[in-house]
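The values are calculated or read from the model by the stated rules, or taken from the named source; none is laboratory data. It should be emphasised that the depicted structure is a prediction, and the values quoted were computed from it without experimental measurement. Counting neighbours? That spans all protein chains shown, and the Cβs are built from the backbone with ideal geometry, glycine included. The accessibility values were calculated without ligands, DNA or RNA, using every heavy atom of the protein model including side chains. Shrake-Rupley method; radii C 1.70, N 1.55, O 1.52, S 1.80 Å.
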Amino acid sequence: MSRIAVFPGSFDPMTMAHLDVARRAATLFDRLVIGVLHNPKKAPLFPVEQRVEMIRASVADFGGNVEVQAFDGLTVAFAQRNGAGFIVRGLRAVSDFEAELQMAHTNRRLERSVDTVFLMSALEFGYLSSTLAKEVAQFGGEVAEMVPVPVAAALAERLPREAT
Ligand code: PNS
């Protein structure tokens, strides 16, 4: 039986930390489906279609077992639609732990057949977040080491320098 995992997130936008987790997860599972949450209640910087496209471009060289989909509703339902038994999440620091624990327990309570697997974020990306990358880009800072190339280009277009 093939091992299928989903890697859900807002990815607004994808960072190098996300990309690193996706790369490693792709080697652990037969199929990895990156799920980009479409949450109508939130106003993301990038529309969900653009977030999906940027991730597709960023994982293009990962091999054939990674795909990217937009989803809404529950992550466990998204996992089940894809036949996935696992949810992959990255953990950067202790500060991530409580919220992730709560999510993992909630998801397990909702669907016992789906388990959460955590990968520790790479040391060099442990400080990173989508919010931080957006702020740096907004004020004209260099984001080349924080986000994949397609994201850096989109940030430059979407967030022209505010201050010099
Ligand atoms: O990148 P993020 O914002 O940390 O990702 C959070 C995400 C998308 C994984 C989480 O909000 C989620 O699973 N949302 C879907 C709704 C859901 O399933 N809620 C119950 C589990 S917490």
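Can we say Glu100 is of a type in the set (D, E, K, R) and in contact with a strand residue (DSSP E or B) (Cβ under 7 Å, 6 or more places away or on another chain)? Walk me through how you get there before you give the answer.
Numbers: of a type in the set (D, E, K, R): yes; in contact with a strand residue (DSSP E or B) (Cβ under 7 Å, 6 or more places away or on another chain): yes.
So Glu100 fits the description; yes.
Just a yes or no: is a residue in the range 5-21 open to solvent by 50 Å² or more (accessible area, probe 1.4 Å), in a strand (DSSP E or B) and away from the ligand (no atom under 11 Å from the Cβ)?
Pass one, the range 5-21, residues open to solvent by 50 Å² or more (accessible area, probe 1.4 Å): 10.
Imposing the further condition that a residue be in a strand (DSSP E or B) reduces the set to none.
No: the range 5-21 contains no residue that is open to solvent by 50 Å² or more (accessible area, probe 1.4 Å), in a strand (DSSP E or B) and away from the ligand (no atom under 11 Å from the Cβ).
Kindly indicate the residue of the range 22-68 that is more than 19 Å from Met146 (Cα to Cα) and of a type in the set (S, T, N, Q) and also modelled with the lowest pLDDT among those meeting that condition.
Checking each candidate, the answer is Asn39.
List pairs: first residue in the range 27-38 and closer than 13 Å to Arg81 by Cα, second residue of a type in the set (Ser, Thr, Tyr) anywhere in the structure, Cβ distance under 8 angstrom, at least six positions apart or on different chains.
These pairs meet every condition: Gly35/Thr75.
If I ask for residues that are farther than 23 Å from Ala77 by Cα and not small (Gly, Ala, Ser), which ones from the range 51-66 would you list? Step through it out loud before you land on a result.
As a first pass, look at the range 51-66 and keep what is farther than 23 Å from Ala77 by Cα: 54, 57-64.
Within the range 51-66, Met54, Val59, Asp61, Phe62 qualify.
For Gly140, state whether it is at positive phi and not aliphatic (A, V, I, L, M).
yes
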